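The values are calculated or read from the model by the stated rules, or taken from the named source; none is laboratory data. Since this is a predicted model, take the numbers as computed values, not measurements. Cβ coordinates were reconstructed from backbone atoms using ideal geometry, including for glycine residues, and neighbour counts include every protein chain displayed. Remember, those area values only see protein heavy atoms, side chains included, never the ligands or the DNA or RNA. Shrake-Rupley method; radii C 1.70, N 1.55, O 1.52, S 1.80 Å.
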Amino acid sequence: MSEQSRRGRKPAKPYRRPKKDPVRILAFEALRAVDERDAYANLVLPPLLRKAREKDDFDARDAALATELVYGTLRRQGTYDAVIAACVDRPLREVDPPVLDVLSLGAHQLLGTRIPTHAAVSATVELARVVLGDGRAKFVNAVLRKIAQDDLDGWIGKVAPPYEEDPEDHLAVVHSHPRWIVSALWDSLGGGRAGIEELLAADNERPRVTLVARPGRATAEELLSEDAAEAGRWSPYAVRLAEGGEPGAVEAVREGRAGVQDEGSQLVALALANAPLEGPDTKWLDGCAGPGGKAALLGALAAERGAVLLASEKQPHRAGLVAKALAGNPGPYQVIAADGTRPPWRPGSFDRVLVDVPCTGLGALRRRPEARWRRRPEDLDNFAPLQRALLRTALDSVRVGGVVGYATCSPHLAETRVVVADVLKQYPDAELVDARPLLPGVPALGDGPDIQLWPHVHGTDAMYLALIRRTAG
């Protein structure tokens with residue numbers, strides 16, 4: 001008998017090396033990159049997955065789980081933060097960010113997946129032992145066991161204020177959006193509880209990948225030959241891949257004859273291309289062309305009519321992406337790196353002009369869920385001068401009788417109707433064109449003459465488009 005046993009003490013347990021779970025380690029690495037480097041998950045995750053797939057022990061199911069853990073955690077971060085805050089004895093800002101990432105991963109497994117409770121806790125604690133060490137793993141274990149005492153609905157009942165007392169804060173916690181974004185989206189929708197709840201819920205659903213068949217180079221029928229692919233709802237060039245579908249596995253995408261492009265983005269390009277003109281239709285301009293999705297579609301549509309597209313992008317590396325997207329276009333085009341607010345072309349040079357201006361990106365939160373936590377209300381003020389300057393340049397660049405499309409991937413009124421109204425005060429020789437008839441079959445486009453698309457209504461990003469015609473010199 002050992003000395004410890006004779007004195008009534010239990011023998012110490014031998015040290016057990018933590019088990020390395022490649023799926024959860026990968027998810028943790030992706031979250032750290034998003035947090036530390038302000039990276040976007042849709043850019044960070046694919047190379048991590050490719051590297052992991054090179055190993056024999058990482059298969060398609062592992063990749064699907066890792067993707068769900070990363071995106072699910074980011075989408076529900078606000079809700080999980082509220083739950084975690086109720087289970088720790090300090091403000092969340094005092095919890096080390098890597099610890100908070102592990103806790104959030106655990107909370108998502110407990111509250112947002114069908115992973116059994118014991119498995120979610122044990123796997124997350126093992127992850128904590130690997131990436132944080134045994135000491136902080138004990139803290140993670142204690143917090144997760146508190147979280148595991150209730151389900152998501154139960155926790156929301158505890159941490160979200162009643163709707164009747166504070167509707168915006170209630171929706172912010174329930175649907176994991178910052179309060180100011182809830183308020184802005186609600187204003188854009190025009191009020192009503194049902195619509196805002198549906199929109200916020202749609203922002204938390206992972207969208208399927210949508211492809212565009214570039215006219216003259218590929219057809220929707222060709223893309224529909226992919227397993228479980230479906231035709232888009234509105235654009236004749238749109239095809240949605242099956243859930244989890246890899247665009248890189250599609251031959252037409254690899255060859256540049258098709259590309260990844262949200263259907264809302266396609267509709268913006270189609271509406272501008274279909275707008276009636278007075279006079280010639282030979283010169284088109286994409287004034288904010290990066291990264292090239294709309295430019296590639298516009299270039300193909302222009303080629304069908306014998307028109308030439310000039311694609312301009314301020315940032316040289318983004319101009320390179322535009323050139324890559326347009327490579328192989330069936331008609332003539334040119335790509336330049338130029339500042340759209342100080343253009344090198346002469347006024348009145350173009351028949352059609354598109355400016356898809358830089359914005360907060362609040363219309364694409366389902367694709368970039370982390371963006372909702374990075375944006376601040378003051379970002380609107382930062383974008384406002386550039387948005388107005390680009391629209392003014394676009395109006396100066398189009399000839400009399402030509403049409404300008406002002407587009408943005410944000411439904412925020414300060415980035416859409418307010419910008420257009422402010423600029424048009426300086427252009428009495430310009431008028432809004434009713435864009436709604438240019439998208440036949442697409443319902444609920446708003447009161448007009450501009451267009452607002454919505455994830456919960458159209459299944460697209462929340463793209464905005466105003467069409468403006470110059471009526472005099």
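Take the convex hull of the alpha carbons in the stretch 144-186; its mean projected area over all directions comes to 3.2 nm².
In units of the rule-of-thumb radius 2.2 N^0.38 Å, the stretch 254-412 shows an alpha carbon radius of gyration of 1.01. Against the empirical curve 2.2 N^0.38 Å, the C-alpha radius of gyration of the stretch 180-325 lands at a ratio of 1.19. Each label was represented as a point 7 Å from its Cα along the Cα-to-Cβ direction; for THR282 and ARG392 these points are 3.1 nm apart. Each principal axis of the stretch 231-284 carries a Cα extent, and these read 45, 24, 13 Å when sorted largest first. Here the sum of -39500 (n - 2.57) over DSSP H runs of 4 or more residues, divided by the residues of the chain, equals -14000 deg cm²/dmol at 222 nm, to the nearest 500. The ellipsoid that matches the Cα gyration tensor of the stretch 38-197 has semi-axes, each √(5λ) in whole angstrom, of 29, 21, 14, with the longest given first. If I model the stretch 290-347 as equal point scatterers sitting on the Cα atoms and use the Debye formula, what is log10 I(q)/I(0) at q = 0.22, 0.25, 0.31 Å⁻¹? Log10 I(q)/I(0), no solvent term: -0.79, -0.96, -1.21. Scattering from the stretch 328-473 was approximated by placing one identical point on each alpha carbon and applying the Debye formula without solvent; log10 I(q)/I(0) at 0.18, 0.21 1/Å stands at -1.13, -1.35. Each 10 Å bin from 0 upward holds the following percent of the Cα-Cα pairs of the chain: 4, 18, 26, 23, 15, 8, 3, 1, 1, 0, 0. Annotation for the stretch 256-296 versus the stretch 87-144: alpha-carbon center distance of 46 Å.
Under the criterion of Cα pairs below 8 Å and six or more residues apart, the relative contact order for the chain equals 12 percent. Sorted on the mean count of surrounding Cβ atoms within 10 Å across their residues, most packed first, peptides 139-152, 67-80, 227-240, 421-434 read 67-80, 227-240, 139-152, 421-434. Neighbours of GLY361, meaning other residues whose beta-carbon lies under 14 angstrom from its beta-carbon, give a summed charge of -1 when Lys and Arg score +1 and Asp and Glu score -1. Between the listed residues ALA252, ALA213, LEU185, the Cα displaced farthest toward the positive end of the dipole of the chain, a dipole computed from Cβ unit charges relative to the Cα centre, is found at ALA252.
Just the number, please: percent antiparallel of the DSSP beta bridges in the chain, rounded to the nearest 5. Within the chain, antiparallel bridges account for around 55 percent of the total. For the chain, lysine pairs with C-alpha atoms less than 30 angstrom apart, excluding pairs fewer than eight positions apart on the same chain, total 27. Once the Cα atoms are used to define both axes, helix 97-111 deviates from the longest principal axis of the chain by about 90 degrees. Positive contributions from Lys and Arg (+1) and negative ones from Asp and Glu (-1), summed over other residues with Cβ under 11 Å from the Cβ of LEU241, come out at -3. Once the Cα atoms are used to define both axes, helix 41-53 deviates from the longest principal axis of the chain by about 60 degrees. Sorted on the mean count of surrounding Cβ atoms within 10 Å across their residues, most packed first, peptides 339-345, 389-395 read 389-395, 339-345.
Taking 16 Å as the cut-off, the amide N atoms of the stretch 389-421 that come nearer than this to a point 7 Å along the Cα-to-beta-carbon line of ASP339 belong to 389-394.
Placing a pseudo-label 7 Å from each Cα along the Cα-to-Cβ vector at ALA142 and GLU205 gives an inter-label distance of 4.1 nm. In this structure, LYS425 and ARG90 have a Cβ-Cβ separation that, at R0 = 41 Å, corresponds to a calculated FRET efficiency of about 0.20. Shape summary of the stretch 90-177, radius of gyration then Dmax from alpha carbon positions: 14.2, 44 Å.
What is the percent carbon and sulfur in the accessible area of the chain, measuring with a 1.4 Å probe over the protein chains and ignoring ligands?
That share works out to 51 percent.
Accessible area per residue for the chain is 46 Å², calculated with a 1.4 Å probe on protein heavy atoms, without ligands, DNA or RNA. Using every pair of separate Cα atoms, the Kirkwood estimate puts the hydrodynamic radius of the stretch 404-473 at 12.6 angstrom. I'd like the orientation of helix 179-189 relative to the chain: the angle between its Cα long axis and the longest Cα principal axis, in ° from 0 to 90, rounded to 10. Relative to the chain, helix 179-189 is tipped by roughly 40 degrees.
Local charge sum around GLY256 (other residues, Cβ-Cβ under 12 Å, Lys/Arg +1, Asp/Glu -1)? Net charge around GLY256: +3.
A protection proxy built from the mean count of other Cβ atoms within 10 Å ranks the segments 85-94, 455-464, 279-288, most packed first, as 455-464, 279-288, 85-94. Give the separation of the Cα centroids, the stretch 149-163 to the stretch 297-316, in Å. Distance between centres, Cα-based: 51 Å.
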